[in-house]
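Visitor: Okay, here's the structure, questions in a sec.
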Amino acid sequence: MIEFGQLMADLPSFQNQGALQVNNVIPLGRGYKSFPQFKELTATALTGPCVGLHSQLSASGTTNYAGDATKLYQMNSSIVFIDKSKGGGYSNTTTEGSRDFWSFCQFGSRIVATNGSDNIQSFVEGTSSAFADLVAIKAKYVATIRDFVFAGYTTESSTTYSNRVKWSGINDPTTFTVSQTTMSDFQDLPDTGSIMGVVGGESFGVIFTERAIWRADFVGTPLIFQFSKVADNLGAFAPRSIVSYGSDIFFLAQDGFYRITNGAQIQPIGKGKIDDFFFNDLSSNFEGICSAIDPNNSIAVWAYRGSGASGVSSINNKLVVFNYATGNWSTCSGQDLEFIDTASQVAFTTLESLDVLGSIDDLPKPLDSYFYSEGLLGLAGVSSAHKFGKFLGGSMTATVDTTEFEGAEGKRSTLINCRPIVDANGENTTITVTPLRRSSQADSVTTGSAVSLKASGDCPLRSNSRYHRLRVIVSGNFTNMSGVDIDARPEGRR
């Protein structure tokens, strides 16, 4: 069997040991499993394009929040986003590209939100009826580090400090007045450009600038926090490309994708695999690159606007997917999303409530699966229609190529049969195999005709050349796909 290798789109095609195309699937240690379709869950749209999404955890459950240019919303039990903006809404002064994005963090029962152009906002669950100014400070980024709320890229008394982080009093996010008693203070990070993001943590925080990465460790008075540079000349390319899970942080730098472990160990994760492909495919909407974690599938996901996009320039049409447990990548296309993040959902308690996900026959999981439980955090997003949804539908149409190979070593060969190894559990699934061939590495690739799977499990072929590749396309629900068995007949050397 020729196994489907991991995605290595940046390497030469012949004997790649991987694949040049792995689309609309989730990478595993060996092979791939299906990627569920995005399904809108809200019937009511936000007023405008989504520029922020957040899930708040509490003793009573999980609540989703969202923001557009002028409003902040809280989701109710009917999966409707209710306007919870402060009186007069928000200014949307377009401080970043064409939009102001919201950054959120949680401090106990309090949700803190900021967009860089309005005062930092606060909403206390169970107490507040609407968001209100937390303090008279503006910031682009917020995060909770230990017992403090951190604000990054601040504006104070009409003066903007693009390289400043400022933190609240200990266990008191309502005060940002510098004081040794409350331990509120600030730090300017010199000579490395503007702050691009702040990642919180129980033991330490990580601050990204354009050209460096800093670690903030609590040391108590008089310094309160000690800042050390863990990477120089390496920073974040896009603020919302920074996403964390457990002890790991994943982000996009100017030269590709990276992982930081325990706030210190930095590892490139896209070299020779997807970095060049991504930057070659990235077309516009740089400030709109956004990311999320799907803990159900151990993947980090980035949404971006790539080749083939049409319509509104702020819509992302593609995803790149990294399995942080195996180190393997895949891509997804055909998307139409304004924003992605990790978020929860209400429970689907009846068959009727599942109608929003499509036909029951097309659902990827059994009806009693935890997959449809209340509060389950997973990959979520907002569509181009400004409606919240999650990736809970049936399998997306998957396309996976084999590596380029010789059917007979050192000779031309004719591929006469292919048996794709795809586990579809007897469901109504369509599988085709398309041969790709060329006689020389200097030749362009010729794409043959797609052949449908027969009842025997075979796809009869007649593809004659020196170098071969096989493209397997699976439409409909399936569990996993691992490779192909082939029959090849050696030909002459010419």
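Visitor: If we keep just the residues of the range 113-148 that are of a type in the set (D, E, K, R) and more than 24 Å from ASP217 (Cα to Cα), which is modelled with the highest pLDDT?
Guide: Quick first cut of the range 113-148, residues of a type in the set (D, E, K, R) only: 118, 125, 133, 138, 140, 146-147.
Of the ones still in play, those that are also more than 24 Å from ASP217 (Cα to Cα) are 118, 125, 133.
Details: ASP118: 95, GLU125: 93, ASP133: 98.
For the range 113-148, the residue satisfying everything is ASP133.
Visitor: Continuing with this model, one more query. THR174: on the phi < 0 side of the Ramachandran plot, in a strand (DSSP E or B), open to solvent by 20 Å² or more (accessible area, probe 1.4 Å) and at pLDDT 95 or above, yes or no? So that I can check it myself, show each step before the final result.
Guide: Numbers: on the phi < 0 side of the Ramachandran plot: yes; in a strand (DSSP E or B): no; open to solvent by 20 Å² or more (accessible area, probe 1.4 Å): yes; at pLDDT 95 or above: yes.
No, not satisfied.
Visitor: Scan the range 19-67 for residues that are among the small types (Gly, Ala, Ser), closer than 29 Å to LEU436 by Cβ and open to solvent by 30 Å² or more (accessible area, probe 1.4 Å) and jot them down. Can you show your working first?
Guide: The first filter runs over the range 19-67 and keeps only residues among the small types (Gly, Ala, Ser), leaving 19, 29, 31, 34, 43, 45, 48, 52, 55, 58-61, 66-67.
Cutting the leftovers down to closer than 29 Å to LEU436 by Cβ gives us 19, 29, 31, 34.
Result: GLY29, single match.
Visitor: Give the range 222-245 a look and list any residue that's under 21 Å from ILE170 (Cα atoms) and crowded, with 22+ Cβ neighbours inside 10 Å, or say none.
Guide: PHE225
Visitor: Across the range 280-339, what is the number of residues that are free of Cβ contacts under 8 Å to residues at least 40 places away in the same chain, open to solvent by less than 10 Å² (accessible area, probe 1.4 Å) and out of contact with any Leu (no Cβ under 9 Å at 6 or more places or on another chain)?
Guide: Here the count works out to 0.
Visitor: If I filter the range 113-120 for residues that are more than 26 Å from the chain's Cα centre (by Cα), under 27 Å from ILE195 (Cα atoms) and not hydrophobic (A, V, I, L, M, F, W, C), do I get at least one hit?
Guide: yes
Visitor: Scan the range 396-421 for residues that are closer than 19 Å to ASN477 by Cβ and either in contact with a helix residue (DSSP H, G or I) (Cβ under 9 Å, 6 or more places away or on another chain) or open to solvent by less than 30 Å² (accessible area, probe 1.4 Å) (or both) and report the count.
Guide: Initially, the range 396-421 is screened for residues closer than 19 Å to ASN477 by Cβ, giving 396-400, 420-421.
So of that shortlist, the ones also either in contact with a helix residue (DSSP H, G or I) (Cβ under 9 Å, 6 or more places away or on another chain) or open to solvent by less than 30 Å² (accessible area, probe 1.4 Å) (or both) come out as 396, 398-400, 420.
Within the range 396-421, residues that are closer than 19 Å to ASN477 by Cβ and either in contact with a helix residue (DSSP H, G or I) (Cβ under 9 Å, 6 or more places away or on another chain) or open to solvent by less than 30 Å² (accessible area, probe 1.4 Å) (or both) number 5.
Visitor: So how many residues does the range 83-102 have that are more than 21 Å from PRO239 (Cβ to Cβ) and either of a type in the set (Asp, Glu) or surrounded by 13 or more Cβ atoms within 10 Å (Cβ to Cβ) (or both)?
Guide: Of all residues in the range 83-102, those more than 21 Å from PRO239 (Cβ to Cβ) come to 83-89.
Applying the additional criterion that residues be either of a type in the set (Asp, Glu) or surrounded by 13 or more Cβ atoms within 10 Å (Cβ to Cβ) (or both) yields 83-86, 89.
So the answer is 5.
To keep it simple, each residue is scored yes or no on (1) more than 29 Å from the chain's Cα centre (by Cα); (2) among the β-branched types (Val, Ile, Thr); (3) closer than 27 Å to ALA212 by Cβ.
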position: VAL149; (1), (2), (3): no, yes, yes
position: GLY152; (1), (2), (3): no, no, yes
position: THR160; (1), (2), (3): yes, yes, yes
position: VAL165; (1), (2), (3): no, yes, yes
position: ILE170; (1), (2), (3): yes, yes, yes
position: THR177; (1), (2), (3): yes, yes, no
position: PRO190; (1), (2), (3): yes, no, yes
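Visitor: Just one of the numbered conditions (1) modelled with pLDDT of 90 or more; (2) within 23 Å of the chain's Cα centre (by Cα) is not true of GLY89; which one?
Guide: (2)
Visitor: Is the range 277-293 home to any residue that is of a type in the set (Asp, Glu), in contact with a strand residue (DSSP E or B) (Cβ under 7 Å, 6 or more places away or on another chain) and within 15 Å of LYS318 (Cβ to Cβ)?
Guide: If we filter the range 277-293 for residues that are of a type in the set (Asp, Glu), which is where we start, we get 281, 287.
In the following step, the residues that additionally are in contact with a strand residue (DSSP E or B) (Cβ under 7 Å, 6 or more places away or on another chain) were identified as 281, 287.
Restricting the remaining residues to those that are within 15 Å of LYS318 (Cβ to Cβ) gives 281.
Within the range 277-293, one or more residues are of a type in the set (Asp, Glu), in contact with a strand residue (DSSP E or B) (Cβ under 7 Å, 6 or more places away or on another chain) and within 15 Å of LYS318 (Cβ to Cβ).
Visitor: Residues that are more than 22 Å from GLY116 (Cβ to Cβ) and in contact (Cβ under 8 Å) with a residue 24 or more places away in the chain: find the strands (runs of 3 or more DSSP E) completely inside the range 191-235 holding 2 or more of those. Before you say what the answer is, go through the steps one by one.
Guide: Numbers: elements: 195-199, 204-209, 212-220, 224-232.
In the range 191-235, the matching strands (runs of 3 or more DSSP E) lie at 212-220, 224-232.
Visitor: Now, a different point. Out of the range 63-86, which residues are more than 21 Å from GLY116 (Cβ to Cβ) and either outside any strand (DSSP E or B) or in contact (Cβ under 8 Å) with a residue 60 or more places away in the chain (or both)?
Guide: Within the range 63-86, THR63, ASN64, MET75, ASN76, SER77, SER78, ILE79, VAL80, PHE81 qualify.
Visitor: Of all residues in the range 468-487 being open to solvent by 40 Å² or more (accessible area, probe 1.4 Å) and part of a strand (DSSP E or B), which is farthest from VAL445 (Cα to Cα)? Walk me through how you get there before you give the answer.
Guide: Let us first name the residues in the range 468-487 that are open to solvent by 40 Å² or more (accessible area, probe 1.4 Å), namely 471, 473, 475, 479-480, 485-487.
If we keep only those that are part of a strand (DSSP E or B) as well, we get 471, 473, 475, 480, 485-487.
Details: ARG471: 13, ILE473: 18, SER475: 24, ASN480: 27, ASP485: 22, ILE486: 20, ASP487: 21 Å.
Across the range 468-487, the extreme among qualifying residues is ASN480.
Visitor: Mind checking whether some residue in the range 435-444 is crowded, with 22+ Cβ neighbours inside 10 Å and either touching a residue at least 24 places away in the same chain (Cβ under 8 Å) or assigned to a loop (DSSP other than H, G, I, E, B) (or both)?
Guide: First, the residues of the range 435-444 that are crowded, with 22+ Cβ neighbours inside 10 Å: 435, 437.
In the following step, the residues that additionally are either touching a residue at least 24 places away in the same chain (Cβ under 8 Å) or assigned to a loop (DSSP other than H, G, I, E, B) (or both) were identified as 435, 437.
Yes, there is a match, as at least one residue in the range 435-444 is crowded, with 22+ Cβ neighbours inside 10 Å and either touching a residue at least 24 places away in the same chain (Cβ under 8 Å) or assigned to a loop (DSSP other than H, G, I, E, B) (or both).
Visitor: Within the range 170-185, does at least one residue satisfy the condition of being among the acidic types (Asp, Glu) and either within 22 Å of PHE225 (Cα to Cα) or in contact with a helix residue (DSSP H, G or I) (Cβ under 8 Å, 6 or more places away or on another chain) (or both)? Reasoning before the result, please.
Guide: Here is the first cut: in the range 170-185, the residues among the acidic types (Asp, Glu) are 172, 185.
So of that shortlist, the ones also either within 22 Å of PHE225 (Cα to Cα) or in contact with a helix residue (DSSP H, G or I) (Cβ under 8 Å, 6 or more places away or on another chain) (or both) come out as 172, 185.
For the range 170-185, residues among the acidic types (Asp, Glu) and either within 22 Å of PHE225 (Cα to Cα) or in contact with a helix residue (DSSP H, G or I) (Cβ under 8 Å, 6 or more places away or on another chain) (or both): present.
Visitor: Let me ask something else about it. Quick test of your reading of the structure: VAL80 fulfils all but one of (1) over 28 Å from ASP147 (Cα atoms); (2) more than 25 Å from the chain's Cα centre (by Cα); (3) open to solvent by less than 50 Å² (accessible area, probe 1.4 Å). Name the failing condition by number.
Guide: Status for VAL80: all satisfied but (2).
Visitor: Assess whether ALA385 counts as being in a loop (DSSP other than H, G, I, E, B), in contact with a strand residue (DSSP E or B) (Cβ under 9 Å, 6 or more places away or on another chain), aliphatic (A, V, I, L, M) and touching a residue at least 12 places away in the same chain (Cβ under 8 Å).
Guide: Yes; evaluated as a whole, the condition is true for this residue.
The values are calculated or read from the model by the stated rules, or taken from the named source; none is laboratory data. Please read these numbers as outputs of a predicted model, since none were measured by experiment. Here the Cβ is made from the backbone with ideal geometry for all residues, glycine too, and neighbour counts use every protein chain on show. Side chains are part of the model used for accessible areas, which takes the heavy atoms of the whole protein and leaves out ligands, DNA and RNA. Shrake-Rupley method; radii C 1.70, N 1.55, O 1.52, S 1.80 Å.
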